[in-house]
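Notes to accompany the following structure.
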Amino acid sequence: MAEILSALRSLMASHSPPLHALIVPSEDYHQSEYVSDRDKRREFVSGFTGSAGLALITKDEARLWTDGRYFLQAMQQLSDQWQLMRIGEDPSVDSWISDNLPREAAIGVDPWCVSVDTAQRWERAFAKKQQKLIQTSSNLVDEVWKNQPPAETNPVIVHPLEFAGRSVAEKLKDLREKLAIERARGIIITALDEVAWLYNIRGSDVSYCPVVHAFAIVTLNSAFLYVDKRKVSSKVSSSIQENGIEVREYGAVSSDVALLASNQLDKDTGLSSGRNDVCETGSCEAEENNNDLIWVDPASCCYALFSKLDAKKMLLQQSPLALAKALKVIDALPIWLNLTIENPVELDGLRNAHIRDGAAVVQYLVWLDKQACKDAISLSNAQMQEIYGASGYFLEGKGASKKRLCTDSWCFFMLLNEPSRETMKLTEVTASDKLEGFRATKEHFRGLSFPTISSVGPNAAVIHYSPQPETCAELDPDSIYLFDSGAQYLDGTTDITRTVHFGKPSEHEKACYTSVSGF
């Protein structure tokens, strides 16, 4: 870690202008919360593996900001070269910089990894002491990350209409109608889930998320998908182009945003069928003359693309796809929105996915319950429950039949640890693997939706706890067991949390559980 900080400080000193500080956000070029291994730059420099956080490196200090979900984890993972800054308790990063760095200090950041909203908020804070936010021409962390993982090249997949519910043509038509209402001639779409939803495509570029690293630009006349073309098969490419979408290389989005700003992008396209019948004959040209704004979502668009646009001709507003993607039925929409969204297929898919997923979770709980002294000792159910609660001791595997009758916990403990017994204690990891196995048997299963939080006793108090095979705890009937997990299915995504106790919970455990469950 010391070597990494030293190398970064050397690059900061040689930068033009020299940097007094370097901000390393958690986000990727699309402002994603969860990123690919290649984009885990903040994790690389700090050693902190949580999904949310921001690192600041100055000439003499290294600080990491994160929220309450990760305080315990950060304290465990950060070396003594780093200081933890608790969001909500300590000053924010922009306030700290403004108060602690010298007047006219230069603060560097990769403009691809910070949103418009965030960059502008920082600039306002820095202006108090004439401090400057400097957009670095390259990512300094990438320059010192010698073993940085390669970019993902997983294939793009067309999401079937039977699960999407609405065609790409319908979605583009609705989007262009919203552009016309807002007097915009184009929109830049940067959020990975919005690109995937709009174009009915899926991928696996980010673990646990069925998305593709891609940008999209949609105008009144054209539509573009910016993606590594190695990921796009000829079959998928044909399907995309049938919807009037031109596939361009991922890196071309930068120059195309500049063309969009100068109203040259539509003239540069090789496609002429991108309108999908939005405009009547001759009306699109008239609309273009009246609509001169570029729609940008300031929360998801990176500062690098924003900087290529004319600030006077931008519509800084939440992406219209955010609402369209979230709402499934027309009955849920306020009349004033004047939208025609209706997608019962997505709603039915969500229900069905949760039904299947719920069945898997019930199977898991039943299986856990049966692991208590399976094939074991000739204790009666009453004796087992008296000593170890409802489920006894967690074991997996077959054991030799025992004739002996134990009447106390020490005898039972010794019996379980006899070498002749061919059993294996269940751990947080082996248990969560079993849960994934139950889910994998369900129709349309495509993987987990996030790493399973499988936690015993004190570990259950660590928010977003991630069990590791080498250090994880064993299941214990005398301790609380919490699991937080979910899955990706073709028709929906799930997330479920349950807290159980297979023995006799203490009064303190009951009180804690009741207090938390009350929220």
- Message: I need the peptides 222-229, 345-352, 427-434 ranked by packing, meaning the mean over residues of other C-beta atoms within 10 angstrom, with the highest value on top.
- Response: 222-229, 427-434, 345-352
- Item | Given 129/308; 178/325; 235/442, the pairs whose alpha carbons are separated by over 21 Å | 129/308; 235/442
- Pop out the carbon and sulfur fraction of the accessible area of region 1-144 as a percent, whole number, probe 1.4 Å. 46 percent
- Message: Students often check this: by mean Cβ neighbours within 10 Å, which of 356-363, 202-209 ranks highest, and how do the rest follow?
- Response: 202-209, 356-363
- Message: If I model a spin label as a point 7 Å beyond the Cα along the Cα-Cβ vector, how far apart are those points for residue 436 and residue 463 in nm?
- Response: 2.5 nm
- Message: Explain nothing, just compute: Karplus ³J(HN,Hα) = 6.51 cos²θ - 1.76 cosθ + 1.60, θ = phi - 60°, for every residue of region 91-100 in order, whole Hz, x for Gly and Pro.
- Response: x, 5, 4, 5, 5, 5, 4, 4, 7, 10
- Task: Could you estimate the translational diffusion coefficient of region 1-149 from the Stokes-Einstein equation, with Rh from the Kirkwood formula over C-alpha pairs, at 10 °C and 1.306 mPa s, in whole µm²/s?
- Result: 103 µm²/s
- Note on the structure: With a Förster distance of 22 angstrom and the Cβ-Cβ distance between residue 100 and residue 10, calculated FRET efficiency to the nearest 0.05 equals 0.50
- Message: Loop-only GluC sites (Glu not before Pro) in region 448-513, please: DSSP not H, G, I, E or B, and at most 10 other Cβ atoms within 10 Å.
- Response: 470
- Query: Listed highest first by mean packing, meaning other Cβ atoms within 10 Å per residue, what order do 310-320, 53-63 come in?
  - Reply: 53-63, 310-320
- Expected unfolding gain across residue 515-residue 130 under the 0.36 nm per residue rule, minus the alpha-carbon gap, is 133.8 nm
- Query: Excluding ligands, DNA and RNA, what is the solvent-accessible area per residue of region 1-144 at a probe of 1.4 Å, expressed in Å²?
  - Reply: 44 Å²
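The values are calculated or read from the model by the stated rules, or taken from the named source; none is laboratory data. For clarity, every value in this text was computed on a predicted model and none was experimentally measured. Methodologically, a virtual Cβ is constructed for each residue, glycine included, from the backbone with ideal geometry; neighbour enumeration extends over all protein chains shown. Protein only, heavy atoms only, side chains kept; ligands, DNA and RNA dropped before computing areas. Shrake-Rupley method; radii C 1.70, N 1.55, O 1.52, S 1.80 Å.
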